[in-house]
């Protein structure tokens, strides 16, 4: 079944919606629990318009409709999980086995932003702990 094509603005709005869904998903679920995902995890999008427009332009395929934008945005989730696993592993070495020892909570913010480097735009995901 053919899809009606989205305008550039509509595709960017969809990218933003999918980013917000990722933020809600990581904040509410235990997706990061295997890495000791205790604490608060937040998602921040810098320069929303530019970032979402870029994601829509690079990910949108008219044959696959909104699903293609969702797949492009889901790459960000994969990057976030990878960064969190590396961070949590480095920040929380295995418990020493002392009675009463508790695992430290990790409060982190992922920042998604579109940057120009080497004449090309890229979406970068960075992790900040607080």
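The values are calculated or read from the model by the stated rules, or taken from the named source; none is laboratory data. Small disclaimer: the values here were computed from a predicted structure and weren't measured. Note that we place each Cβ from the backbone using ideal geometry, even for glycine, and neighbour counts take in every protein chain shown.
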Expected output for the range 104-122 (first residue at negative phi and modelled with pLDDT under 85, partner loosely packed, with under 14 Cβ neighbours inside 10 Å and assigned to a loop (DSSP other than H, G, I, E, B), Cβ below 9 Å, 6+ apart or cross-chain) is 105/40; 106/40; 107/40; 107/130; 108/40; 108/130
### Residue check for residue 36: over 14 Å from the mean Cα position of the chain (by Cα) and modelled with pLDDT under 90
yes
When every residue in the range 2-20 that is closer than 28 Å to residue 81 by Cβ and without any contact (Cβ under 8 Å) to a residue 24 or more places away in the chain is compared, the one farthest from the chain's Cα centre (by Cα) is 17
| message | Among the residues in the range 66-74, are any in a loop (DSSP other than H, G, I, E, B) and either modelled with pLDDT of 90 or more or more than 30 Å from residue 9 (Cα to Cα) (or both)? | response | no
